[in-house]
Amino acid sequence: MNLVVIGAQWGDEGKGKIVDFLAERADVIVRYSGGANAGHTIVHGDITYKLHLVPSGIIYPDRKVILGIGMVIDPQALFGELDTLAGQGIDWKDRVFIADRAHLVLPRYREIDLETEKKRRRPIGTTGRGIGVAYAMKSARDGIRIADLYDEEAFASYLPEDREYLLPYKDKLRGMVVDMPVFMHRHEGQVILFEGAQGTLLDLDLGTYPFVSSGMSCAAGAVAGSGIGPRKIDKILGVFKAYSTRVGNGPFPSEFRKEDSELENTIRSVGREYGVTTGRPRRCGYLDLVALKYACLVNSIDGLVLTHLDVYDQMDAIQVCTAYEVDGKHITDFPASISVLNKAKPVTQSFHGWKKPIGNTAFFDELPVQAREYIAFIEEFTKTQVDIVSVGYERRKTIVRRSPWTLS
Ligand code: GDP
Ligand code: IMO
Ligand code: MG
């Protein structure tokens, strides 16, 4: 079975936690887009794992993980991450694979990323990891792929300083490099989990361009970025938070206004809303159903995974954005124009809070009626069922309402 897990908002929805949870049943976990701009957190007991390049399945012993074709890989960051994992007791040897068609991120890409940001009239607020530069080089056909490290003619054509930098990685990477389409074909019939990075609204084509990342973070990226055809995907899960967050610049119609600063502070501290990669405080806002419905549509999401519901435990009321008011009119289709999105005021609907901790709830029907009403409204609006509810960052704080492993 091939199961895709993507972010349905602006990233940081809790994909890492959910992929780790689902990895129990998986044989192989694939990352297919982005690079070290991603930050996926998994918490087990006292240990917090922060993954940027390595798929979240690595925490489960014996699972194979592969960094896919659609990724841009910074070798220095990768080995730093693998060393940290080893220091945390994760034996990653012989189960981390890398697609030979994936592109490399060089140190100078990071510098160009930061310099370009300084010069931009509308800075994006990138993570400074050289991601956009690597994808631009790839599109311009000036990129360096992993496979090219082992192609003498290609390697000889690179700048001397690039060759010098890359030389030690040739040997360090060698044992992990695979031909990914062959690898995927060999594992056909096994349980394969595709871990999205970023989120739909940060996707280069579908997101709030130019305030996006540069990879294919949508569900289609899972096929383009891993060397399989679209018909092979069995199911797509979209992860979203009970509220919204965004890191960096760009439109965010349901963002909390000044008068909501108390609510924002509560959510930021209870939900620990600080970027994993940059440590920046995340911008917070109401759940945006206009954006979520769009994400369901453009990814053909089969089931939703609602995370961070526990963050609302102490709230009297919960508001959700159901439309945008633009020039006196209500719109419910997510617009392409940044000016329209910047003008949009959220139209909100209020729900009763449940005012009790839900972190130890094991079954969906045991959730407070107010929480179930909130979920029912989301399902009705998006026409998509909520299959999993996450009520805490620990693996066990996950309520499965409909098995992700059955085909709908
Ligand atoms: P990702 O990029 O989508 O993997 O998400 P991040 O790891 O960047 O951010 C999600 C944060 O929320 C992490 O600190 C997780 O430990 C935490 N988290 C995930 N699910 C839940 C949840 O249901 N409740 C709470 N309170 N925290 C969660
Ligand atoms: P995960 O996988 C949240 C944002 C950056 C910036 C924009 C472009 O953890 O959900 P980039 O460095 O990619 O060129 O920056 O995209 N961004 C993310 N925001 N979660 C992420 O990944 C992100 N990856 C990139 O903050 O606004
Ligand atoms: Mg993250």
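The values are calculated or read from the model by the stated rules, or taken from the named source; none is laboratory data. Note that the structure is predicted; figures quoted are calculated from it, not measured. We place every Cβ from the backbone using ideal geometry, glycine too, and count neighbours over all the protein chains shown. With ligands, DNA and RNA removed, areas are computed over all heavy atoms of the protein, side chains included. Shrake-Rupley method; radii C 1.70, N 1.55, O 1.52, S 1.80 Å.
Annotations for the structure displayed:
- Among the residues making up segment 323-346, those that are in contact with a strand residue (DSSP E or B) (Cβ under 7 Å, 6 or more places away or on another chain) and open to solvent by 20 Å² or more (accessible area, probe 1.4 Å) are 325, 330, 331, 332, 340, 343, 345, 346.
- Going through (1) closer than 24 Å to residue 186 by Cβ; (2) of a type in the set (Ser, Thr, Tyr); (3) open to solvent by less than 20 Å² (accessible area, probe 1.4 Å) one by one, residue 60 falls short only on (3).
- For segment 3-52, a residue qualifies if it is out of contact with any Leu (no Cβ under 8 Å at 6 or more places or on another chain), more than 10 Å from ligand 1 (Cβ to nearest atom) and either among the aliphatic types (A, V, I, L, M) or assigned by TED's automatic domain parsing to the domain that holds residue 250 (or both), and exactly one does: 47.
- Within segment 26-41, the set of residues being surrounded by fewer than 24 Cβ atoms within 10 Å (Cβ to Cβ) and either within 13 Å of ligand 3 (Cβ to nearest atom) or within 17 Å of residue 129 (Cα to Cα) (or both) comprises 39, 41.
- Scope segment 1-51; condition closer than 16 Å to residue 221 by Cα, more than 8 Å from ligand 2 (Cβ to nearest atom) and not in a loop (DSSP other than H, G, I, E, B); matching residues: 2, 3, 4, 5, 6, 29, 30, 31
- Criterion violated by residue 376 - all others in (1) without any contact (Cβ under 8 Å) to a residue 24 or more places away in the chain; (2) in contact with an Asp or Glu (Cβ under 8 Å, 6 or more places away or on another chain); (3) hydrophobic (A, V, I, L, M, F, W, C) satisfied: (2)
Yes or no, residue by residue, for (1) closer than 30 Å to residue 129 by Cβ; (2) within 16 Å of ligand 1 (Cβ to nearest atom); (3) touching a strand residue (DSSP E or B) at 6+ places or on another chain (Cβ under 8 Å); (4) in a helix (DSSP H, G or I):
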{"site": "267", "(1), (2), (3), (4)": "yes, yes, yes, yes"}
{"site": "276", "(1), (2), (3), (4)": "yes, yes, yes, no"}
{"site": "304", "(1), (2), (3), (4)": "yes, yes, yes, no"}
{"site": "314", "(1), (2), (3), (4)": "no, yes, no, no"}
{"site": "321", "(1), (2), (3), (4)": "no, no, yes, no"}
{"site": "348", "(1), (2), (3), (4)": "no, no, yes, no"}
{"site": "354", "(1), (2), (3), (4)": "no, yes, no, no"}
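- Residue check for residue 67: open to solvent by less than 10 Å² (accessible area, probe 1.4 Å) and more than 14 Å from residue 31 (Cβ to Cβ): no
- Residues in segment 368-400 that are part of a helix (DSSP H, G or I) and open to solvent by less than 60 Å² (accessible area, probe 1.4 Å): 10 in all.
- Condition met for residue 194 (out of contact with any strand residue (DSSP E or B) (no Cβ under 8 Å at 6 or more places or on another chain) and of a type in the set (Phe, Trp, Tyr)): no
- Residue check for residue 314: in contact with a His (Cβ under 6 Å, 6 or more places away or on another chain) and over 21 Å from residue 212 (Cα atoms): no
- Every listed requirement among (1) of a type outside the set (Ser, Thr, Tyr); (2) under 25 Å from residue 281 (Cβ atoms); (3) open to solvent by 30 Å² or more (accessible area, probe 1.4 Å) is met by residue 128 save one, (3).
- Test result for residue 208, under 22 Å from residue 16 (Cα atoms), β-branched (Val, Ile, Thr) and within 13 Å of ligand 2 (Cβ to nearest atom): no
- Where a residue in segment 249-277 is within 28 Å of residue 42 (Cβ to Cβ) and its partner, wherever it lies, is aromatic (Phe, Trp, Tyr) and surrounded by fewer than 17 Cβ atoms within 10 Å (Cβ to Cβ), with Cβ under 7 Å and at least six apart: none
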